[in-house]
Amino acid sequence: MKSIIPSAALLALLASPALADITVRFVESAPKDRFVISSDTCPLQDVDVLIDLDGSAGGLIFDVTSAGAGVEIFQPVEVQSGIVTAQPVVDGDQQLSFQISDLRAGDDIVISADLDDVLTNSSLGQIRVAGSELDGAIVQMTIGGETQTAVFAEGANTVVLSHSCLS
C-alpha cells in the first residue's frame, strides 16, 4: 500500500526559511531621542532585547532625571508604540532591556529616551548624540532561544539583525 503525502503537508516540509531583517535605528531628536525597531518580513513574538551603551565611543548614558549624571534636558524611557515590557532605567544607566510581546511585519516599536554623552569635548555637546558617539554600542536579541548581536559602527545610527522565519 502506497502512502500519499497530502500536498499541503509536503509544501510545509519543503518550505525554506525566509530571512527577516530586524532593524534597530537610533534617532537623535529634541527633546526625546528614539529607538525604532522593525521587522520587514515576519512577525516577532517573545523577543528579549538588550541595548547596551557601555562600549559606546561617547560613553552614552540614559538621562532620566534632573539631578543625575546627564546634562540639562532629561526624559524618562517610554514605550511610544508597540507591545513591549521594558525594565526600569535609572539615571546614568547604560543598558535598556525589554521584551517584545508581539510585532507584526511592517510595524514599528518606538521607545523614547534621552541619551547624553559623557565626553568633555563632544562634537554636538553632551545633550545631543553624534552618530560616531554611538559606535560600539550593542543590540542583542534573543528569539526562540537563539541570540544575535549587532554593533553600531562607522557613525551609522542603524543596525540590522537577521532572523529566520517560515515563509
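Assorted remarks:
- Per-bin percent of Cα-Cα distances, segment 17-157 [5 Å]: 2, 10, 20, 24, 20, 13, 7, 3, 1, 0
- Residues whose placed amide H lies under 5 Å from that of Gln80, excluding near-sequence neighbours: Val110, Ile111, Ser112
- Net lengthening on full extension, Glu78/Thr147 (0.36 nm per residue, minus Cα-Cα): 22.4 nm
- By other beta-carbon atoms within 10 Å, ranking Thr149, Thr41 with the fewest at the front produces Thr149, Thr41.
- Normalised by the number of residues in segment 17-157, the average gap of Cα pairs under 8 Å and 6 or more apart makes the relative contact order 30 percent.
Every number in this text was worked out from the coordinates using simple rules, so none of it is lab data. From a predicted model like this one, the values you see are computed outputs, not experimental measurements. Backbone-built Cβ (ideal geometry, glycine too); neighbour counts: all protein chains shown.
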